[in-house]
Amino acid sequence: MVDTIAIIESDRIERMSMLNADTSFLLLEEGRKTEALDVFTYAGGGAVNTSVALSRLGFDTSILVKLGRDTRADFLLTRLTDEGVSTRWVIRDADAPTGASVIVSSHDRNAAVFTFRGANTLLSSGDLTASAFAVDLVYISSLSNRSADCFPTIVEKAKANGALVAVNAGVRQLSVRSGTFLESLKKIDILAINRREAEALVPGLVAQFGEGGPTPPLEAGEQPPPLLARGLLGGGYEMSLPAFFKALHSLGTTYVMLTDGLGGAFVSENDTLIYCPAADTTVASTTGAGDAMASTFAAFIALRQPIDVALRAATINASCVVAYIDTQTGLMRREALDARVNANSRLRIRKWRMQPSRIANENTAVKG
């Protein structure tokens, strides 16, 4: 995607929040030419954000995407080359334009995004060059429309080559194709989703595993992370986080990372559930935070780092991304990120041991 970002003064935008709901809206005056502080153009999109993140972390990275034959594509290809990302697997479509988005952002209002997906939606099985999957890590970003139909084939090709398979699926893919997605979990090593995406999976999981589920026992006076206390709500169904993670593991995936914005992030592996709070930072825009979290976590797992270190690194890298209005300026290089992980003891990891009927709680701090 090519992102056009308009920075608007906060007092020129109104926010309306819905009572008894998590939804809010940004309002601009109808028919008025609103003055912007500035307008920028950046490279964006989940696949591009991820490839830049992995390249900066020291990986030999290639990208497989579909672009048009237009100036947007030329801009993206130049950007990728500058970041050291190989574009040898890029497909150019003579008929469909390259995807683009317009982002309205301000310093204390979360961004509103207008998205045109363009050639992004047109991947076909013939575009999936076999040699592109002969790698150590295959990271699959969000897919939609025709491209999402290729998802099982992509996973199959990656796993057939012995790659570690990481997936950051979007809510459109999970809502429309949840059955196909859940069937593919047995070949997915790392699943990274946010709360909204997780809730799109709840109805399908409830159909197989039932509603509700265990909640962790808390020590006297202990305050659980908000999402752990609340659980997941989707399609009129409820699931506790332990039940949600257990269901996904039973379908085959090894690691599940679930992010909740300022509410922090969880990672589950087998019988272990860990939590990391969000890092303190001045937020310019939250766009791209999920890509930074998921790609960094996958990178550190590929490097055989412990899951608590991987989660901490992902949290720190995402906190650097949200300090900028675009999705890539804040992405850290490996040496700098390692130094921040080792030096930052304020991100205190909480850990629980998951059991069939209960979770035993233990608190710990990761050091270095």
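Readers should treat all values here as calculations from the given coordinates under stated rules, not as data from a laboratory. Quantities reported herein were computed from a predicted structural model and do not represent experimental measurements.
Run the numbers for Thr153 and Glu183: contour at 0.36 nm per residue of separation, minus the present Cα-Cα distance, in nm. Don't skip to the answer; put the middle values down first.
Details: separation 30, 0.36 × 30 = 10.80 nm, distance 1.21 nm.
Once the chain is fully extended between Thr153 and Glu183, it gains 9.6 nm.
The separation of the stretch 78-157 from the stretch 224-254, counted between C-alpha centres, amounts to 28 Å.
Shown in residue order for the stretch 231-236 are the 3J(HN,Hα) couplings computed by the Karplus curve 6.51 cos²θ - 1.76 cosθ + 1.60 at θ = phi - 60°: x, 10, 10, x, x, x Hz (x for Gly and Pro). Choose one answer from Gly212, Gly126, Gly261: the residue with the largest mean-square fluctuation in a GNM of the chain with alpha-carbon springs under 10 Å. Looking only at Gly212, Gly126, Gly261, the biggest GNM fluctuation is shown by Gly126. Comparing Val155, Val102, Val52 in a Gaussian network model of the chain, where Cα atoms under 10 Å apart are tied by springs, the biggest mean-square fluctuation is seen for Val102. Rounded to the nearest Hz, the phi-derived 3J(HN,Hα) couplings of the stretch 93-98 under the Karplus curve 6.51 cos²θ - 1.76 cosθ + 1.60 (θ = phi - 60°) are 9, 6, 10, 9, x, 5, where x marks glycine and proline. If I take every Cα pair under 8 Å that is 6 or more residues apart in the stretch 95-183, average their sequence separation and divide by the length, what percent do I get for the relative contact order? Dividing the mean separation by the residue count of the stretch 95-183 yields 25 percent. If the segment from Glu335 to Thr286 were pulled out straight at 0.36 nm per residue, it would be longer than the present Cα-Cα gap by 15.2 nm.
Expressed to the nearest 5 percent, the antiparallel share of DSSP beta bridges inside the chain is 65 percent. In terms of the Cα gyration tensor, with a ≥ b ≥ c the square roots of its eigenvalues, is the chain rounded because a/c is under 1.5, prolate because a/b exceeds b/c, or oblate? Rounded, because the longest to shortest axis ratio a/c is under 1.5.
With an 8 Å cut-off on Cα pairs and a minimum separation of 6 or more residues, tell me the relative contact order of the chain in percent. It rounds to 14 percent for the chain.
Please say if the stretch 219-358 is rounded, prolate or oblate, where rounded means a/c under 1.5 for a ≥ b ≥ c the square roots of the C-alpha gyration tensor eigenvalues, and otherwise the choice is prolate for a/b larger than b/c and oblate otherwise? Provide the component values of the computation, followed by the final result.
Details: a/c = 1.69, a/b = 1.53, b/c = 1.10.
Prolate shape, in that a/c is at least 1.5 and a/b is the bigger ratio.
Among Asp11, Asp82, Asp291, whose mean-square fluctuation peaks in a Gaussian network model of the chain (Cα, cutoff 10 Å)? So, out of Asp11, Asp82, Asp291, the one fluctuating most is Asp11.
Using θ = phi - 60° in the Karplus curve 6.51 cos²θ - 1.76 cosθ + 1.60, the 3J(HN,Hα) couplings for the stretch 142-150 round to 4, 10, 9, 6, 4, 4, 5, 5, 7 Hz; x is entered for Gly and Pro.
With the cut-off at 1.5 for a/c, could you classify the stretch 42-182 from its C-alpha gyration tensor as rounded, prolate or oblate? Intermediate results must be reported in sequence, preceding the final value.
Details: a/c = 1.39, a/b = 1.20, b/c = 1.16.
Rounded shape, in that the Cα axes give a/c under 1.5.
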